[in-house]
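Below is one structure, written out as structure tokens; the observations come after it.
Each reported figure results from applying straightforward, stated rules to the coordinates on display, with no laboratory input. On a predicted model such as this, the values are computed, not experimentally measured, just so you know. Virtual Cβ from ideal backbone geometry, glycine too; neighbours counted across all protein chains shown.
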Amino acid sequence: DVKVTQSSRYLVKRTGEKVFLECVQDMDHENMFWYRQDPGLGLRLIYFSYDVKMKEKGDIPEGYSVSREKKERFSLILESASTNQTSMYLCASNIPSGGGETQYFGPGTRLLVL
Amino acid sequence: SQQGEEDPQALSIQEGENATMNCSYKTSINNLQWYRQNSGRGLVHLILIRSNEREKHSGRLRVTLDTSKKSSSLLITASRAADTASYFCATDEGAAGNKLTFGGGTRVLVKP
């Protein structure tokens, strides 16, 4: 079974802090994704990566950056956390396929920025 | 704006009843997927239907796809309390990285 793990289930940070959220997958997947989930808005894509050191902006990249130094690990960085970044953050991975592939999700990190 | 929009936003049914939820989207797609999310957890893939398919079954799940109307439906038959969750449709438009675009979800409550 594919396993996607996230470094924390719950996180409380203060405004202005630098925040690192880490995601690790154990199935040698090329693609990795970071989403945020807010009530009524569904999942919105922040960034994704299709290879080591490669990254692409998603729909809402402002205020975030990412790092993918190793294939199995994809980090989301909040350079200076703000209260409007309080949210549930979900990481996912899949393999590239012309016919489409399902995404495998981690359990999520619920971040509260005070 | 979101590609996938689910309807209804919330649904409350008795155990044993069927639950139906719908998803509409705007652009052409390669496939459409349904995911389930239990409270406070990550999403779990349920079923994928490709653009050239019209209906697909998996256990108690039945998915239909109407590309002319740009809509899909998910039917859960003989619902159980354990089916209580949020359900999301997601569309694969063939973009780089196999990105998915998710809708806002349908919250389903199955009462025992």
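Here the relative contact order of chain A, from alpha carbon pairs under 8 Å that lie six or more residues apart, stands at 36 percent.
Please report the base-10 log of the normalised intensity I(q)/I(0) for chain B, using a Debye sum with one equal scatterer per alpha carbon and no solvent, at each q in 0.12, 0.18, 0.22 (1/Å). With no solvent term, the Cα-only Debye profile gives -0.37, -0.84, -1.21. A Förster radius of 22 Å, combined with the Cβ-Cβ distance separating A:Lys53 from A:Lys3, puts the computed FRET efficiency at roughly 0.40. Counting only residues at least eight positions apart within a chain, or on another chain, the lysines with an alpha carbon under 27 Å from that of B:Lys26 are A:Lys55, A:Lys57, B:Lys56, B:Lys69, B:Lys70, B:Lys99.
Between B:Leu109 and B:Thr20, the FRET efficiency from the beta-carbon distance, with R0 = 25 Å, is close to 0.95. Scalar couplings 3J(HN,Hα) for segment A:78-90, obtained by applying the Karplus form with A = 6.51, B = -1.76, C = 1.60 to θ = phi - 60°, are 9, 4, 8, 4, 10, 4, 6, 9, 5, 5, 9, 10, 10 Hz; x denotes Gly and Pro.
Relative to the current alpha-carbon distance between A:Arg110 and A:Met27, full extension at 0.36 nm per residue lengthens the span by 27.5 nm. Note: chain A, Cα convex hull, 100 Å³ per residue. Applied to segment A:52-69, the Karplus parametrisation 6.51 cos²θ - 1.76 cosθ + 1.60 on θ = phi - 60° returns per-residue 3J(HN,Hα) values of 4, 6, 9, 8, 9, 6, x, 7, 9, x, 4, x, 10, 9, 9, 9, 9, 8 Hz, with x for Gly and Pro. Applying D = kT/(6 pi eta Rh) to segment A:43-104, where Rh is the Kirkwood radius over alpha-carbon pairs, T corresponds to 10 °C and eta to 1.306 mPa s, the Stokes-Einstein value obtained is 124 µm²/s.
A Förster radius of 35 Å combined with the Cβ-Cβ distance from B:Asp66 to A:Arg14 puts the calculated FRET efficiency at roughly 0.10.
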